[in-house]
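A.B. asks: Supplied in structure tokens, the structure appears directly below.
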Amino acid sequence: MPCPPDSATPPARRVSVDPQGPVLVEGPVEIALDDGTVVRSDRFVVAVCTCRRSRTYPWCDTSHRPRERAASPNEEGNP
């Protein structure tokens with residue numbers, strides 16, 4: 001049975017997990033890193049990197065997405 005709401009209890013944060021991408025967390029968010037530093041974002045939704053490829057880790061910069069190169073004219077079937 002759920003507990004009744006308590007005015008002293010902060011609201012729950014919603015977390016969305018995308019298997020192909022970052023974890024989305026309703027902000028503001030503070031993250032404690034392995035070295036003990038704490039980083040903070042005041043955005044209303046924060047993308048947290050789970051693959052560690054981001055240059056802005058712990059924030060996601062979409063580095064997890066596969067890179068596709070543009071097709072050359074010969075690859076598109078044009079002479």
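A.B. asks: Do you know which residues across segment 13-38 are small (Gly, Ala, Ser) and surrounded by 12 or more Cβ atoms within 10 Å (Cβ to Cβ)?
C.D. replies: Hits for segment 13-38 are SER16, GLY21, GLY27.
A.B. asks: Follow-up. Hey, which of the strands (runs of 3 or more DSSP E) in the chain, taking only ones fully inside, have at least 1 residues that are touching a Leu at 6+ places or on another chain (Cβ under 8 Å) and modelled with pLDDT under 85?
C.D. replies: So the answer is none; nothing clears 1.
The values are calculated or read from the model by the stated rules, or taken from the named source; none is laboratory data. Everything quoted here is computed from the prediction, not taken from an experiment. Using ideal geometry, Cβ is built from the backbone for each residue, glycine included, and neighbour counts are taken over all protein chains shown.
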